[in-house]
Amino acid sequence: MQKTILVTGGAGYIGSHCAKLLSKKRFRVVVYDSLVRGYRDAVKYGEFFQGDIGDRASLDALFTSYPIDAVMHFAAFIAVGESVEKPDLYLTNNYEKTLVLLDAMAAHGVGKFIFSSTSALYGDPQYVPIDENHPLNPVNPYSRSKAQVEQTLREREASQGLQSVVFRYFNAAGADSEGELGERHDPETHLAPLVIRAALGAGKPLSIFGTDYDTPDGTCVRDYIHVNDLCSAHILGLEHLFAGRPSDVFNLGNGNGFSVKEIVATVEKITGKKVPCKYEARRAGDVSRLIANAEKAKRVLGWKTDYPDIRDIIGSALAFQKGRS
Ligand code: UDP
């Protein structure tokens, strides 16, 4: 029988792409989003229900109206720098409101949960590539909020039998290959869209945050992973839970690190345009390098990436940004 999946944050970047893939895979999709940071016109697949994950009455109405089989929880604030400035906002929005969502699920007998976590909770790594057994050291309020949810999921499994798959994303980038969806944040804080917009002359010159990191060129190194590769892992995670397999935690990344300067060089190569850059101090909360060991997702879930090449990831983001400017 067709399964119904609730996608919180489905009007946001990763949630909207996942809603599309779920629909293509013939799941019934219900998107739940407050539209505080999401976009109504990014909800192109599934039914839309506007509400906040901290609003229990709204969630009760939702769970009463739809026969939800599992929840994919994307709704969250995601800016590391903002979390350092406003830690309480992240504690409330990302952690406390998730507790309201989990309580509502429990009350309505929904026991399967896919959670968007982050590689940022590993902190400055003791070794790379980072596997799931690497010690956790969340160094900013954003990653702390995600670590708190992960801890709660373990406790609720023990106390209530909640089953979950946690995905620790490295750096999501890229856009829908059909040009319908892409990365939109306001204000935009993420590297790939900012570099592309600077190259296209549609944004400000790029500020490079920190050139004194302990990395080959002194700028931060990240592992960029295409949004559709994240989404395909989510479908596998869902099938894993529906098959009755155990709760688990998986890294999602390509296993390749690129510095900020390398991303700038990639964009310059693809666009043929110079990216205007200025050098600035480190951004509070950033760690030097994050590179994934995602072998576990491949081994246990059978995950394969379709966009292992950074040029394809950046190229798809470029196509989306060109369509906007
Ligand atoms: N970054 C930068 N300039 C910007 C935005 C980001 O130099 O305008 C750097 C940032 O310091 C980090 C990397 O690019 O090292 C990726 O940042 P992003 O915000 O995209 O993702 P995060 O790693 O924080 O999740």
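Need a quick list: strands (runs of 3 or more DSSP E) entirely within region 1-104 having at least 2 residues that are modelled with pLDDT of 95 or more and surrounded by fewer than 18 Cβ atoms within 10 Å (Cβ to Cβ). Spell out how you get there, then give the answer.
Values: elements: 4-8, 28-33, 47-50, 70-73.
Counting at least 2 such residues, we get 47-50.
Of everything in region 179-192 that is charged (D, E, K, R) and either in contact with a Cys (Cβ under 7 Å, 6 or more places away or on another chain) or within 12 Å of the ligand (Cβ to nearest atom) (or both), the residue that is nearest to residue 283 (Cα to Cα) is 188.
Among residues of region 264-309 being within 19 Å of the chain's Cα centre (by Cα) and more than 27 Å from residue 238 (Cα to Cα), the one that is nearest to the ligand (Cβ to nearest atom) is 286. Within region 193-231, restricting attention to residues that are among the hydroxyl-bearing types (Ser, Thr, Tyr) and out of contact with any Ser or Thr (no Cβ under 8 Å at 6 or more places or on another chain), which residue is nearest to the ligand (Cβ to nearest atom)? Taking the candidates together, the pick is 207. Looking only at region 148-158, residues that are within 18 Å of residue 53 (Cα to Cα) and among the hydrophobic types (A, V, I, L, M, F, W, C) come to 2 in all.
The residue pairs whose first member lies in region 71-82 and is closer than 19 Å to residue 284 by Cβ, whose second member is within 12 Å of the ligand (Cβ to nearest atom), and whose beta carbons are closer than 6 Å, counting only pairs six or more residues apart or on different chains, are 79/189; 80/140; 80/142; 80/285; 81/283. Taking (1) in contact (Cβ under 8 Å) with a residue 12 or more places away in the chain; (2) closer than 27 Å to residue 264 by Cβ in turn, residue 156 satisfies each apart from (2). For residue 126, the requirement of being more than 16 Å from the ligand (Cβ to nearest atom) and within 13 Å of residue 247 (Cβ to Cβ) is not met.
The values are calculated or read from the model by the stated rules, or taken from the named source; none is laboratory data. Because the structure is a prediction, the values reported are computed rather than measured. Neighbour counts are summed over all protein chains in view; Cβ atoms, including those assigned to glycine, are modelled from backbone coordinates with ideal geometry.
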